[in-house]
1. For segment 55-81: of the residues being open to solvent by 60 Å² or more (accessible area, probe 1.4 Å) and among the charged types (D, E, K, R), which is modelled with the lowest pLDDT?
2. Of the numbered conditions (1) within 24 Å of GLU130 (Cβ to Cβ); (2) of a type outside the set (S, T, N, Q); (3) loosely packed, with under 12 Cβ neighbours inside 10 Å, LEU89 satisfies every one except a single condition; which is it?
3. Looking at segment 55-101 only, could you name the residues that are among the basic types (Lys, Arg) and either farther than 14 Å from GLY139 by Cβ or in contact with a strand residue (DSSP E or B) (Cβ under 9 Å, 6 or more places away or on another chain) (or both)?
4. Answer yes or no: is there a residue in segment 31-50 that is within 15 Å of the chain's Cα centre (by Cα), surrounded by 14 or more Cβ atoms within 10 Å (Cβ to Cβ) and modelled with pLDDT of 90 or more.
5. For ARG135, state whether it is under 24 Å from TYR39 (Cα atoms) and either without any contact (Cβ under 8 Å) to a residue 40 or more places away in the chain or part of a helix (DSSP H, G or I) (or both).
6. Select from segment 101-121 the residues that are free of Cβ contacts under 8 Å to residues at least 40 places away in the same chain and open to solvent by 70 Å² or more (accessible area, probe 1.4 Å) and write down the one among them that is nearest to ARG58 (Cα to Cα).
Amino acid sequence: MFWILLNGSLAFGTLTAGAVAAGAITFLFKDSLSVFSGYRIMPASLVASVRFVAFFFRELVRANLQLARLVLTPSLPIRPAIVRVHTGLKSPVGRLLLANAITLTPGTLSVEIKGEWLYVHWVSAEAGAEVATARIAAGFERYLEVMYG
C-alpha cells in the first residue's frame, strides 16, 4: 500500500516493481523484520491469531467507551499511574505485540519493556501488579502464548 501511495499509480509496471521490491526485502530480511519471527505455524496458532485480533477489537471498543465515560464525568475520576505488568511471554516479538496492543488500547500506554515486566501508563490505575497484569495484559497474553510461546 505504501508503494502505491508513494507512486500514485496502479499501472502494471509500478505494481510489479513494488511486488519485486517487497519480495526481495522480505526474503533478505526475513529473520529480523517480521512479526512472523518465532511464530508457531500450526492450526492452533492460526486460530489464536484470529481470536487475538477479535479480542483486540473488542477491548478497543470497550476501552473507548470506558475512557469516554471517564472524560464525560464532571468530576473526571481518573487515577493516572505507571504500573508494572508482568508478562510470561518469552518471545521478543510476542512481547512487542503485547506492548503494541496495550498502547493501541485507549487509556493505556506501554512505556518500557524490561525483561518480564512492562511498564504501562494507565489512566485509571488500580493497586498492585497482579491487578494490572490481570486487567491489562492477561487477555492478550493467552493468545500470544499460543502464537509465539
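1. Filtering first and then ranking leaves ARG79.
2. Failing condition for LEU89: (3).
3. Answer for segment 55-101, where residues must be among the basic types (Lys, Arg) and either farther than 14 Å from GLY139 by Cβ or in contact with a strand residue (DSSP E or B) (Cβ under 9 Å, 6 or more places away or on another chain) (or both): ARG69, ARG79, ARG84, LYS90, ARG95.
4. Yes: one or more hits.
5. Here the answer is no, as ARG135 does not meet what is asked.
6. Top of the filtered list is LEU109.
The values are calculated or read from the model by the stated rules, or taken from the named source; none is laboratory data. Please read these numbers as outputs of a predicted model, since none were measured by experiment. Positions of Cβ are backbone-derived with ideal geometry, glycine not excepted, and every protein chain shown enters the neighbour counts. Ligands, DNA and RNA are excluded from the accessible area calculation, which covers all protein heavy atoms including side chains. Shrake-Rupley method; radii C 1.70, N 1.55, O 1.52, S 1.80 Å.
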